[in-house]
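The values are calculated or read from the model by the stated rules, or taken from the named source; none is laboratory data. As the structure is a prediction and not an experimental result, all values here were calculated from the model. Cβ sites come from the backbone with ideal geometry, for glycine too, and all protein chains shown count toward neighbours.
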Amino acid sequence: MEEIAGIIVIFIVFMIPMYGVLIWTYFCPEDSLLWGKRWLYKEEPEISNSAIRFAKVSLLTAIVVLTIIFGVLIFR
């Protein structure tokens, strides 16, 4: 029982903010790809459509894989 409670606490502490960042990155890929790097450019850089598509696909994959991993950990 203590193991399940520990996993749930880890889920709440780490996964909710991680899902928040992943969802934000999915809906605002231009902002998230430039996060912390805007100071490198004098003008606003243009991000290609293929980079945005790659970011969205990799984020959806990460969300699905993380959901499966934590679902297995909680319901085993």
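Among residues of the stretch 17-28 that are surrounded by 12 or more Cβ atoms within 10 Å (Cβ to Cβ), those with a beta-carbon under 6 Å from a residue that is modelled with pLDDT under 90 at least six positions away or on a different chain give the pairs Thr25/Ser32. Could you grab me the full set of residues in the stretch 11-26 that are of a type in the set (Phe, Trp, Tyr) and more than 16 Å from Asn49 (Cβ to Cβ)? Listed by number, the residues that qualify are Phe11, Phe14, Tyr19, Trp24.
The condition of being part of a helix (DSSP H, G or I), surrounded by 10 or more Cβ atoms within 10 Å (Cβ to Cβ) and modelled with pLDDT under 80 holds for only one of Ile63, Ile74, Ile52, that being Ile74. What about Ile47, is it modelled with pLDDT under 80, hydrophobic (A, V, I, L, M, F, W, C) and surrounded by 11 or more Cβ atoms within 10 Å (Cβ to Cβ)? Judged against the criteria, Ile47 is not a match.
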